[in-house]
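Presented below is the structure to which this report refers.
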Amino acid sequence: MNDLAEGRLLTARSERRSRQVPRPLLVSFQGGGTGQWHVERIGAVRGDGLAQVDRLRVAEGTGVPPDGVWTLRGVTSNERYVERPERAALSAVQEPLGRESARCAALIPISKSDEWWELTQDERRAIFEDQSHHIATGLDYLPAVARRLHHSRDLGEPFDFLTWFEFAPGASGQFDELLGRLRATEEWAYVDREVEVRLSR
């Protein structure tokens, strides 16, 4: 194979890989007086809450104005505890964010205990899915509830994870049920801090 052909092959492989595996995306959630989402309520589920604000701005990438009351940042990443059959099941039914019908949203920042982080990856996976059925439970509410997980722990943020959900007003009851089921699991016993921010647009 000559250099030109090899270069084209490498470029094609790189382009295919970039389409299949999204690069990490920095996302900022800024509470304040401006933003595309109206804050319906902010409640502390466990531990300290967040200051009350009127609006939430969601910004992807850098360049968030420094005028908010609070800003939480997270990065999308690879799926840490999902096995291949579970990924296939999720991909088959989950909907993307930004659907016109999804006029409701929720931001749920969570921090887990030192005990959780002292566990090995396989021990955390066992609690996450084998005991708590986190993925299986989430599947019950797809495609009505779309979600995206953001990792914050490695950024030195006050929360470990920021989970963003979007859904139509008619699915609000389903979303409440989903939260109730997840909070009744063994996994939730490791949550030190959780805040629920409910939104509309």
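The values are calculated or read from the model by the stated rules, or taken from the named source; none is laboratory data. Quick caveat: nothing in here was measured; it's all calculated off a predicted structure. Using ideal geometry, Cβ is built from the backbone for each residue, glycine included, and neighbour counts are taken over all protein chains shown.
The table that follows gives values for the structure above.
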read-out	value
Criterion: farther than 30 Å from Arg55 by Cα, at pLDDT 90 or above and either touching a Lys or Arg at 6+ places or on another chain (Cβ under 9 Å) or of a type in the set (Val, Ile, Thr) (or both) - qualifying residue of Thr76, Thr120	Thr120
Some residue of segment 139-150 being more than 16 Å from Ser101 (Cα to Cα), at pLDDT 95 or above, surrounded by fewer than 20 Cβ atoms within 10 Å (Cβ to Cβ) and over 13 Å from the mean Cα position of the chain (by Cα)	no
Filter result for the condition that a residue is of a type in the set (S, T, N, Q) and without any contact (Cβ under 8 Å) to a residue 60 or more places away in the chain, over Gln30, Gln36	Gln30
Residue that is surrounded by the fewest Cβ atoms within 10 Å (Cβ to Cβ) [pool: residues in segment 101-138 that are part of a loop (DSSP other than H, G, I, E, B) and of a type outside the set (D, E, K, R)]	Thr120
Hits in segment 120-139 - residues which are acidic (Asp, Glu) and over 20 Å from Arg84 (Cβ atoms)	Glu123
Val64 vs. criteria of a type in the set (A, V, I, L, M, F, W, C), closer than 23 Å to Glu40 by Cβ, surrounded by fewer than 20 Cβ atoms within 10 Å (Cβ to Cβ) and touching a Gly at 6+ places or on another chain (Cβ under 7 Å)	no
So Phe175, is it closer than 27 Å to Arg23 by Cβ and surrounded by 15 or more Cβ atoms within 10 Å (Cβ to Cβ)	no
